[in-house]
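Novice: Pasting a structure here, questions to come.
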Amino acid sequence: MATASEVENVDVVVLGMGPGGESAAGELAAAGLAVVGVEARLVGGECPYYGCIPSKIMIRAGNAVAEAHRVPGLAGTVQAHPDFSQVARRIRDEATDNWNDAAAAKRFTGKGGVLVRGTGRLSGPREVTVDLHDGGRRTFRARLAVVLNPGTNPAVPDVPGLAGTPFWTNREAVQAADAPASLIVWGGGAVAVELAQAFTRFGTKVTMVLRGPRLLSREEPEAGQLLAKVFREEGIKVLRNRDVTAVSHKDGKFSLELSPAGGRSGGSRSTRLTAGQLLVATGRTQALAGVGLSEAGIVWDGKAAPELDDHLQLADGLYLIGDAAGAGAFTHMSMHHGNIVTGHILARHNGQPDRGGADNHAVPHVTFTDPEIGGVGLTEQQAREAGLEVRVGFTDLADSTRGWIHKSGNQGFIKVVQDASSGVLVGATSAGPMGGEVLSMLALAVHARIPVATLKTMVYAYPTFHRAVPEALKDLA
Ligand SMILES: Cc1cc2nc3c(=O)[nH]c(=O)nc-3n(C[C@H](O)[C@H](O)[C@H](O)COP(=O)(O)OP(=O)(O)OC[C@H]3O[C@@H](n4cnc5c(N)ncnc54)[C@H](O)[C@@H]3O)c2cc1C
């Protein structure tokens, strides 16, 4: 039972210690401020324990298996005997310390921060009340700032029969001790495609169920088409335009009832799908709904991202960072936000130079499938919807010298989107082996608004994958 408490005065409260919250809280504490970090689960948030890091360990291992299968035709023969238990061990022992955040907590408290474990809510404009895990309650009033970094949770659709079954979200999938014999992946976004391919490479028979017509629907359509082709070749079945209308779990098997999405007529008839495991990867829900914005006088409809100023303030001294800020649900955005906010707080506190505000015209992101899909800025469709005078250039990576040398596993493309009136790239996609690395030069071009005419005068090393970039630029029309 929570007890009433006196208000404790501090400089800064960070509510939610995701990647940006953790780095901001640590830096502000190291700068000598009295900082309280409030965390309900694990310091570091989704990325190190349930997201980026464990999923990329699975992908790295799966890619090694896929490369072994590419030896015939290039270098003789090799036998691969994939063993998922090694992956599981690496995630548990090396990456997450068995889902224990003691090291991260110590990193923060070692800088002078105070970690408060519990669930926090705003109880005033710069006041946070925490229901402690041990049953008590503490209230903190922040002199300088409250930084909200609540992040997201896996969205679980309200479908008859699903609740109470042992289905996976990303959080259970990365804790799997073994690869299941068969898996239904419900969803077609980045988390879904990455985990679908990773498990496939350890022998799991994967079927994906998509509500819409394509994989990676937020990317360029060519990215979804490419992945669909690669997945077909790898034996991953992709069912499109389907709603899941019921789920059941019996005798260790999941059964899903599927019908045409949105009750469309003329589509495929209702079907039933069974598998040993079900991964629900249908998106994320905002934890922001639980932090009591209205107590700070903030009106939010709970849908679109709340309105922020260019230093990510909801109100004076009340900041919102990370996935909840709505500029891209990526770790690098959360950390970028943490840096902006830290700079702003220190500038106001001790006159240090401000580090600048948010500018979202060149947000990069990578889906770590094989081939990797990297994107930055606007897609062609987004650029057209923004009313720009759009020119598009495209080149197939397999046709490049490096693609030809690479041979198996060489599928990919570069697509560039130019605003013809300013002569700069406003978006680009780099798909292929190391597509996320090739993205770096395209991200720079979009970020720094380098004229296409200048990019065309650059010398590109031979025979690299990034030498496909000038081919895409030549194609701009
Ligand atoms: C499977 C998967 C793979 C991913 N891979 C990548 C990748 O490769 N690259 C990439 O950039 N991104 C990736 N992401 C996204 C990335 O994990 C997030 O963008 C990142 O964690 C940043 O989120 P955040 O800062 O908003 O907060 P989160 O990481 O969501 O952390 C928020 C924290 O706040 C705490 N919290 C919430 N409400 C309260 C409250 N009321 N009181 C106290 N504490 C609270 C939560 O417990 C949590 O620890 C992946 C995500 C998933 C699911």
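Novice: Under 5 Å between amide hydrogens, which residues at least 5 positions from Arg242 or on another chain qualify, with H placed 1.01 Å from N in the peptide plane?
Specialist: Leu210, Arg211, Gly212, Ala261
Novice: Which of the residue pairs Lys237/Lys474; Lys229/Lys415; Lys56/Lys205 have a Cα-Cα distance greater than 29 Å in the structure shown?
Specialist: On the way: Lys237/Lys474 36 Å; Lys229/Lys415 18 Å; Lys56/Lys205 20 Å.
As for pairs spanning more than 29 Å Cα to Cα, those are Lys237/Lys474.
Novice: Taking amide H positions as placed 1.01 Å from N in the peptide plane, with prolines and chain starts having none, which residues 5 or more places from Arg137, or on another chain, fall under 5 Å of its amide H?
Specialist: Thr3, Leu132
Novice: Could you work out the relative contact order of the chain, using alpha carbon pairs under 8 angstrom and six or more residues apart, expressed as a whole percent?
Specialist: Working: 1018 pairs, mean separation 68.5, N = 477.
Once divided by the residue count of the chain, the mean separation gives 14 percent.
Novice: Moving to a separate point now. Given the protein chains as shown and a 1.4 Å probe, how many square angstrom of Lys229 are accessible, to the nearest 10?
Specialist: Accessible area, nearest 10 Å²: 90 Å².
Novice: Scan around Val363 for amide H atoms under 5 Å from its own, H built in the peptide plane at 1.01 Å from N, and keep only partners 5 or more places away or cross-chain.
Specialist: Close amide H contacts, sequence-distant or interchain: Gly377.
Novice: Among rounded, prolate and oblate, which fits segment 338-436 when a ≥ b ≥ c are the square roots of the eigenvalues of its C-alpha gyration tensor, a/c under 1.5 means rounded, and a/b larger than b/c means prolate? Intermediate values should be presented prior to the final figure.
Specialist: Numbers: a/c = 3.55, a/b = 1.73, b/c = 2.05.
Oblate, since a/c reaches 1.5 and b/c is not below a/b.
Novice: Where both residues lie in the chain, what percent of DSSP beta bridges are antiparallel, nearest 5? Don't skip to the answer; put the middle values down first.
Specialist: Working: 54 of 86 bridges.
Bridges in the chain that DSSP calls antiparallel: roughly 65 percent.
Novice: Counting only protein heavy atoms and using a 1.4 Å probe, what share of the accessible area of the chain belongs to carbon plus sulfur, as a whole percent? Working shown, then result.
Specialist: On the way: 10970 of 21620 Å².
It is 51 percent, rounded to a whole number.
Novice: Bin all alpha-carbon pair distances of segment 261-403 at 10 Å intervals from 0 and give each bin's fraction as a whole percent.
Specialist: 8, 24, 27, 24, 12, 4, 1
Novice: May I ask you to give the solvent-accessible area per residue for the chain, in square angstrom, as obtained with a 1.4 angstrom probe?
Specialist: Values: 21620 Å² over 477 residues.
Value for the chain: 45 Å² per residue.
Novice: Okay, next question. Sort segment 201-279 into rounded, prolate or oblate with this rule: let a ≥ b ≥ c be the square roots of the eigenvalues of the Cα gyration tensor; rounded if a/c is under 1.5, and if a/c is not under 1.5, prolate when a/b is larger than b/c, oblate otherwise. It would help to have the intermediate numbers written out before the result.
Specialist: Working: a/c = 2.39, a/b = 1.17, b/c = 2.04.
In terms of gyration-tensor shape, oblate.
Novice: For segment 185-253 and segment 118-168, what is the separation of their C-alpha centers, rounded to whole Å?
Specialist: 31
Novice: Probe radius 1.4 Å, ligands and nucleic acids left out: which of Arg126, Arg143 has the largest accessible area, and how do the rest follow? Display every interim value, and only then the final one.
Specialist: Numbers: Arg126 60, Arg143 130 Å².
From most accessible down to least: Arg143, Arg126.
Novice: So, one more: Rounded, prolate or oblate: which fits the chain, taking a ≥ b ≥ c as square roots of the Cα gyration tensor eigenvalues, rounded meaning a/c under 1.5, else prolate when a/b beats b/c? Could you put the intermediate results ahead of the total?
Specialist: Details: a/c = 1.74, a/b = 1.26, b/c = 1.38.
Here the chain falls in the oblate category.
The values are calculated or read from the model by the stated rules, or taken from the named source; none is laboratory data. Just so we're clear, the structure is a prediction, and the values are computed from it rather than from any experiment. For the accessible areas, the whole protein counts, side chains as well, though only heavy atoms, and no ligand, DNA or RNA atoms are used. Shrake-Rupley method; radii C 1.70, N 1.55, O 1.52, S 1.80 Å.
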